[in-house]
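Visitor: I'd like to ask you about the structure that follows.
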Amino acid sequence: MKNIILFDGPQREHLLPFTYLRPVGDLRVGLLSLREKWEHHLKGRGSYITREYLGDLYPIVISEKNYIVNAAVLPDEDLVQRILALHDNEALLEDSDLVATCLDEQQFNRMMDDEPLGELTSFPCHCSLRVLGKLPDLLNEHDLELRRDFERITAGRRSAPLPASNRFWGDKKQLFIEEGAEVEGAMLNATKGPIYIGKGAVVMEGSLLRGPIGIGAYSTVKMGARLYGPVSLGPHCKVGGELSNVIMQGYSNKGHDGYLGDSVIGQWCNLGADTNTSNLKNNYGEVKLWDYVARRFVPSGRQFCGLFMGDHSKSGINTMFNTGTVVGLSANVFGSGYPRNFIPSFSWGGASGFRTYLPDKAFETAERMMARRNKQLSSSERIAMLKVFEDTAVFRTWEQKRED
């Protein structure tokens with residue numbers, strides 16, 4: 001089995017806030033994370049080169065032969081074959097940027113110690129690379145990746161039967177139900193894309209699913225929910241209301257009515273009842289989105305663009321998010337009116353203003369939510385979150401005003 005090491009390239013900073021607590025390779029786009037996609041294609045096991053403060057959470061596994069790959073690059077057959085053809089100390093480059101290399105253990109350790117690698121033969125990639133270079137790319141690539149992941153997961157396998165209480169339209173090959181999933185009294189339309197329902201997942205009566213859709217293990221689609229594909233739910237999510245073009249990384253809830261469109265939600269998030277997102281400007285123009293590198297709003301290239309919410313963030317009931325809103329890590333948003341389009345990490349408040357959500361209070365909330373899924377907030381996670389708290393102080397401008 002091949003040893004794969006996914007490294008965080010320059011794209012990592014543009015993919016914040018989702019990469020504050022995880023490497024780029026741990027991001028979910030479609031049914032699978034980037035690591036899982038590369039493991040499938042290269043027939044191996046993956047680990048990460050990421051920021052030092054995440055090292056205890058995501059340790060590197062080194063072998064005698066290591067395939068080092070830029071985690072932000074999406075795999076396809078052409079690129080995979082080029083990577084598999086690499087010999088030790090050979091690399092693929094795209095415009096002088098490293099795409100992938102094959103290093104033995106000694107060479108890998110030299111690279112990590114910033115020592116000269118000696119002879120490294122490089123080749124131009126000559127591939128049509130698909131790279132997650134910024135937040136909107138998560139949505140741009142979502143539909144295709146969801147369809148491809150469905151093929152990867154279901155190839156050569158037989159679906160559990162669909163109970164007779166449901167209505168189904170489309171080719172039965174486009175529906176896959178894992179053993180242990182519960183689906184009763186729902187309407188499933190796979191004429192426009194596949195529908196995958198994971199192990200232990202529950203699709204309640206009255207739910208309307210229009211593919212492509214992927215429901216992760218032990219996730220729940222509540223009664224009367226309307227899901228317009230592409231929708232990808234990671235494990236242990238709970239959704240209700242209306243969703244369209246949504247990715248949930250896992251362990252997050254939108255359990256009640258309200259609209260969520262063209263949005264990406266991190267882990268351990270909760271959207272309160274009747275939370276709504278705008279994904280289209282009133283003038284139908286291109287949406288601008290906060291970029292952590294530029295430290296300003298930049299054109300997204302999308303007309304439809306909703307909410308990007310980092311891990312452990314929450315919204316209160318009746319919260320309204322404006323078009324193209326970016327919410328950082330551990331923010332608590334509530335109150336009437338539209339809050340600002342960029343909400344820094346560890347913020348507490350809404351349209352009327354914000355104050356700092358102190359880490360101890362944020363940890364208490366995280367612990368309570370995680371306990372509901374029989375999980376614990378580890379000391380390594382606390383340390384990582386404290387690091388993010390320090391690094392993001394520059395964005396909590398009200399703190400600086402108080403100091404002045």
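Visitor: Which of the following residues is within 18 Å of the chain's Cα centre (by Cα) and on the phi < 0 side of the Ramachandran plot: A85, A100, A72? Give the derivation first.
Guide: Values: A85 fails: within 18 Å of the chain's Cα centre (by Cα); A100 fails: within 18 Å of the chain's Cα centre (by Cα).
After applying the criteria, what remains is A72.
Visitor: Then there is this: Any residue at all in the range 257-268 that's among the small types (G, A, S), farther than 27 Å from R368 by Cα, assigned by TED's automatic domain parsing to the domain that holds A366 and touching a residue at least 60 places away in the same chain (Cβ under 8 Å)?
Guide: As a first pass, look at the range 257-268 and keep what is among the small types (G, A, S): 258, 261, 263, 266.
Going one step further and asking which of them are farther than 27 Å from R368 by Cα, we end up with 261.
Then keep just the ones that are assigned by TED's automatic domain parsing to the domain that holds A366; that gives 261.
Adding the requirement that they be touching a residue at least 60 places away in the same chain (Cβ under 8 Å) leaves none.
No.
Visitor: Out of curiosity, is N283 without any contact (Cβ under 8 Å) to a residue 12 or more places away in the chain and either within 18 Å of G261 (Cα to Cα) or within 18 Å of the chain's Cα centre (by Cα) (or both)?
Guide: Details: without any contact (Cβ under 8 Å) to a residue 12 or more places away in the chain: yes; either within 18 Å of G261 (Cα to Cα) or within 18 Å of the chain's Cα centre (by Cα) (or both): yes.
Yes; evaluated as a whole, the condition is true for this residue.
Visitor: Taking the criterion of being in contact (Cβ under 8 Å) with a residue 12 or more places away in the chain, hydrophobic (A, V, I, L, M, F, W, C) and assigned to a strand (DSSP E or B), would at least one residue in the range 139-157 satisfy it?
Guide: no
Visitor: Across the range 63-89, what is the total count of residues that are of a type outside the set (G, A, S) and either under 16 Å from D104 (Cβ atoms) or crowded, with 22+ Cβ neighbours inside 10 Å (or both)? I'd like the intermediate steps shown before the answer.
Guide: Step one: list which residues in the range 63-89 are of a type outside the set (G, A, S), which gives 64-70, 73-84, 86-89.
Retained after the next criterion (residues that are either under 16 Å from D104 (Cβ atoms) or crowded, with 22+ Cβ neighbours inside 10 Å (or both)): 64-70, 73, 79, 83, 86-89.
Selection size over the range 63-89: 14.
Visitor: Any chance the range 80-89 includes a residue that's over 23 Å from K192 (Cβ atoms) and among the polar types (S, T, N, Q)? Spell out how you get there, then give the answer.
Guide: Pass one, the range 80-89, residues over 23 Å from K192 (Cβ atoms): 80-89.
The next check asks that each one be among the polar types (S, T, N, Q); those that pass are 81, 89.
Checked the range 80-89: at least one residue is over 23 Å from K192 (Cβ atoms) and among the polar types (S, T, N, Q).
Visitor: Would you tally the residues in the range 327-337 being modelled with pLDDT of 95 or more and either surrounded by fewer than 23 Cβ atoms within 10 Å (Cβ to Cβ) or not assigned by TED's automatic domain parsing to the domain that holds R382 (or both)? Break it down into steps so the answer makes sense when it comes.
Guide: At the first step, the residues of the range 327-337 found to be modelled with pLDDT of 95 or more are 327-334.
When the remaining residues are screened for being either surrounded by fewer than 23 Cβ atoms within 10 Å (Cβ to Cβ) or not assigned by TED's automatic domain parsing to the domain that holds R382 (or both), the result is 332, 334.
Going through the range 327-337 one residue at a time, the tally reaches 2.
Every residue, every condition in (1) touching a strand residue (DSSP E or B) at 6+ places or on another chain (Cβ under 7 Å); (2) assigned to a helix (DSSP H, G or I), yes or no:
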| position | (1), (2) |
| --- | --- |
| R35 | yes, yes |
| H40 | no, yes |
| L57 | no, no |
| I60 | yes, no |
| N66 | yes, no |
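Visitor: Do we find a residue being of a type in the set (A, V, I, L, M, F, W, C) and farther than 23 Å from I343 by Cβ anywhere in the range 229-243? Steps first, answer last, please.
Guide: If we filter the range 229-243 for residues that are of a type in the set (A, V, I, L, M, F, W, C), which is where we start, we get 231, 233, 237, 239, 243.
With the extra rule that they be farther than 23 Å from I343 by Cβ, the set shrinks to 231, 233.
For the range 229-243, residues of a type in the set (A, V, I, L, M, F, W, C) and farther than 23 Å from I343 by Cβ: present.
Visitor: Inspect all residues belonging to the range 225-235 and state whether any of them is out of contact with any strand residue (DSSP E or B) (no Cβ under 7 Å at 6 or more places or on another chain) and free of Cβ contacts under 8 Å to residues at least 24 places away in the same chain.
Guide: Of the residues in the range 225-235, the ones out of contact with any strand residue (DSSP E or B) (no Cβ under 7 Å at 6 or more places or on another chain) are none.
No, there is no match, as no residue in the range 225-235 is out of contact with any strand residue (DSSP E or B) (no Cβ under 7 Å at 6 or more places or on another chain) and free of Cβ contacts under 8 Å to residues at least 24 places away in the same chain.
Visitor: In the set V80, V99, which member is part of a strand (DSSP E or B) and outside the structural domain of S232 (by TED's automatic domain parsing)? Quick ask: steps written out before the conclusion?
Guide: Numbers: V80 fails: part of a strand (DSSP E or B).
After applying the criteria, what remains is V99.
Visitor: State all residues of the range 253-266 that are more than 21 Å from G206 (Cβ to Cβ) and either in contact with a Lys or Arg (Cβ under 8 Å, 6 or more places away or on another chain) or of a type in the set (A, V, I, L, M, F, W, C) (or both); if no residue qualifies, say none. Give the steps one after another, and end with the answer.
Guide: We begin by selecting, within the range 253-266, every residue more than 21 Å from G206 (Cβ to Cβ); these are 262-266.
Within the range 253-266, D262, V264, I265 qualify.
Visitor: One residue is enough: does the range 307-316 have a residue meeting the conditions surrounded by fewer than 19 Cβ atoms within 10 Å (Cβ to Cβ) and modelled with pLDDT of 95 or more? Give the steps one after another, and end with the answer.
Guide: Of the range 307-316, the ones surrounded by fewer than 19 Cβ atoms within 10 Å (Cβ to Cβ) are 316.
The next check asks that each one be modelled with pLDDT of 95 or more; those that pass are 316.
Within the range 307-316 (the criterion being surrounded by fewer than 19 Cβ atoms within 10 Å (Cβ to Cβ) and modelled with pLDDT of 95 or more), the answer is yes, since at least one residue qualifies.
Visitor: Taking the condition surrounded by 22 or more Cβ atoms within 10 Å (Cβ to Cβ), assigned by TED's automatic domain parsing to the domain that holds R110 and either hydroxyl-bearing (S, T, Y) or not in a strand (DSSP E or B) (or both), does L6 pass? Full working, then the answer.
Guide: Details: surrounded by 22 or more Cβ atoms within 10 Å (Cβ to Cβ): yes; assigned by TED's automatic domain parsing to the domain that holds R110: yes; either hydroxyl-bearing (S, T, Y) or not in a strand (DSSP E or B) (or both): no.
In short, no.
The values are calculated or read from the model by the stated rules, or taken from the named source; none is laboratory data. Remember, predicted model here, so these are calculated numbers, not experimental data. Glycine also receives a Cβ, built like all others from the backbone with ideal geometry; neighbour counts cover every protein chain displayed.
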